[in-house]
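Report on one structure; see the data block that follows.
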Amino acid sequence: AKLMHVATLGYRPSLAVSEALRDYLSGYGLLLTGDPGIGKTMLMRLLLGVGRIYTCESIVAGGFAGLKVLREFTDGAEICIDDLGAEAVSNQYGAKDDLLKSFIASRSEQQKAVTHITTNLTAAQIVQRYGDRTLSRILGMCRPHKFVGVNQRKAVATGDESKTKGNVI
């Protein structure tokens, strides 16, 4: 219904967005990659609504206890992990643990609901930060889509909105 509403407003998605929408409508999770400000999170907000998008920073903010609650709360729910790579690594009780890596493993191995991910990182950067296993889990849950374009937030902030034409969103 949301997609039809946007279409009635004259929205014409780029090829990259059209392919991502095809996969979404086919029931696949999406891995949306690309530079900042080109519409990855905006697309996920359109598809899922704000309530099912969890920033990486908010996922790790609650520490180990918060992660347990989040796993239970999102079990069976379609969600988006937004801005992979922007979170801080948690350090509690002298043990450093990457809570986001643990959350991705949980979504991949134990939860059957669809998971989407947005990131500015490349595959190589994901491997460097999270390891091969985490990238493999992500690709097992999500179909990758690379978005390109001009940073729309920057173009709007500088008053050069003419540069936003031709963007993916």
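Coordinate-derived values only; no laboratory data. What you see is a predicted model, and the numbers here were worked out from it, not measured in a lab. Glycine also receives a Cβ, built like all others from the backbone with ideal geometry; neighbour counts cover every protein chain displayed.
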Pop the C-beta distance of Arg12 and Ala65 into the FRET formula with R0 = 45 Å and round what comes out to the nearest 0.05. 0.45
Counting other Cβ atoms within 10 Å, keep those with at most 14, restrict to DSSP loop, and tell me which chymotrypsin sites (Phe, Trp or Tyr not before Pro) in the stretch 32-128 are left. Tyr93
Length gain on complete extension for the stretch Ala105 to Arg52, per 0.36 nm per residue less the alpha carbon to alpha carbon distance? 17.2 nm
In whole Hz, with x marking every Gly and Pro, tabulate ³J(HN,Hα) for the stretch 46-63 from phi via Karplus 6.51 cos²θ - 1.76 cosθ + 1.60, θ = phi - 60°. 5, 6, 10, x, 5, x, 10, 10, 10, 5, 4, 4, 6, 5, 8, 4, x, x
